[in-house]
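The values are calculated or read from the model by the stated rules, or taken from the named source; none is laboratory data. What you are looking at is a predicted structure, and each value in this text was computed from that prediction instead of being measured. With ideal geometry, Cβ positions are generated from the backbone for all residues, glycine too; neighbour counts draw on all protein chains shown.
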Amino acid sequence: MRKVSWVRSIDRHVGIFIVHALWLVKWLQPACYAETGKVLVLKFAGMGDIILLKPVIDCIKKRSNSSLHLLTSPSMREVVEHLGLASDGSVYEVDFGKCISNPGELLALVMRLRRERFLAAIDFEQWMRVSAIISFLSGAALRYGFSTPMQHRHALYTNFVTYSFEQHTLTSFACLASQFLGSNIVSEAHANFFGCVSPRRDKVEVVHHRLLSSGWRGFAQPVAIIHPGCGFGGEPRMWLIEGYAEVARRLSGCGFFVVLTGGKDDARFGERLVRLAGCNGVLNLIGKTSFAELVALVSMAKFVVCPNTGIMHLAAAVGTPTVALHGPTNPAQWRPLGRVHRVIQARLDCVPCLRLGHDYRCNDYQCMRTITVEEVWNAIDELLKSIGM
């Protein structure tokens, strides 16, 4: 939703009005003091956020007797199910584009949620008004969420924490869960992040055979992943395709088998990158892997080169080093967790400029263009030396 401008505009302008209208009648919600029951967890996007949420959900499952039910977007259902976030398997979907064109779908979802009689709703979205509205309409008497500056969303929660632009997103998620649990789980969530995602053996075998059939020489040849895209709407966070092509060419020359990854929205970059690289040993899998296969592939790689997008957090979770390129986004919020990674931040006075729920401040993407091939190559060299290659 946050990537589609017209849907975001509706959420911002109509959503604020609805939030304040519902705030006037929120006292009608019944009080509930039960210690156990069903809990609705809301997180719509994206892959990186849901991966960061995994150790937090694990803490909730460990410390609470409540059964967890997830409300997410259709594109994230595969990720949610792979990570096992719903303790009893209940995963609900909401497609906001369809709900706007057919409000009956949203009404049907709300009625379905109300029939579940949730004890609490925990909204891990950071800025969307509609998630706060759904939390309220779900009928949950206890509602937890973020108070994000300028978003007017916290009025519908019974409990909230202030979202900080200066702390890591995993910390923010853990702080919100701590409110629900009544105990601080921040340190535990951070400790449990590493290894919270693991590959499935059958998918490792599938990926292994796929690479072998594409020219990979087996485990004697190291695999490097280049993930150039950020999905639809993520162009301001993208580095130059020409830069990735040069890095791919150099890696191939050093004996690496280079695999290109990405979602279906990024498919248009794959053929161009391969053509510009102009060398053997570069396999284009952009838009051609399931999430489970991507987990397996990342677990096999020596390192990942990517912008600030979901695979960065996936790599950190499975223990694969990354070279992470940041332009308008703030590494304080979004850096890959762990000490082995290398983070490159664009050198402009205006960065970072991204604030959740607001557009980028420019349209020319100059911050990412200031990152040079030599900076990226030097970061790769440093990373490889640190892991003994």
Review point. When only residues in region 304-340 that are among the hydroxyl-bearing types (Ser, Thr, Tyr) and in contact with a Pro (Cβ under 6 Å, 6 or more places away or on another chain) count, which is surrounded by the fewest Cβ atoms within 10 Å (Cβ to Cβ)?
Key: Thr329
Exercise for review: Show the residue pairs that are 6+ apart or on different chains and have beta-carbon atoms under 9 Å apart, the first residue being within region 185-201 and in contact (Cβ under 8 Å) with a residue 40 or more places away in the chain and over 10 Å from Asp58 (Cα atoms), the second being among the aromatic types (Phe, Trp, Tyr) and not in a loop (DSSP other than H, G, I, E, B).
Suggested key: none
Practice item. Look at Pro307 and say whether it is touching a strand residue (DSSP E or B) at 6+ places or on another chain (Cβ under 8 Å), modelled with pLDDT of 95 or more and farther than 16 Å from Trp239 by Cβ. Key: no
Study note, to complete from the structure: Picked from region 83-134 (must be in a helix (DSSP H, G or I) and among the hydroxyl-bearing types (Ser, Thr, Tyr)), the residue farthest from Thr158 (Cα to Cα) is Ser101
Exercise for review: Find the residue count for region 314-350, including only residues that are touching a strand residue (DSSP E or B) at 6+ places or on another chain (Cβ under 8 Å), at pLDDT below 95 and part of a loop (DSSP other than H, G, I, E, B).
Suggested key: 2
Check your understanding: Name the helices (runs of 4 or more DSSP H) wholly within region 190-300 that hold at least 2 residues that are within 22 Å of Ile371 (Cα to Cα) and in the same structural domain as Gln366 (by TED's automatic domain parsing)?
Key -> 241-253, 267-277
Practice item. Mind listing whichever residues of region 202-255 are touching a residue at least 60 places away in the same chain (Cβ under 8 Å) and surrounded by fewer than 13 Cβ atoms within 10 Å (Cβ to Cβ)? Key: Gly215, Phe232
Review point. Is there a residue being in a strand (DSSP E or B), hydrophobic (A, V, I, L, M, F, W, C) and farther than 11 Å from Leu40 by Cα anywhere in region 141-149?
Key: yes
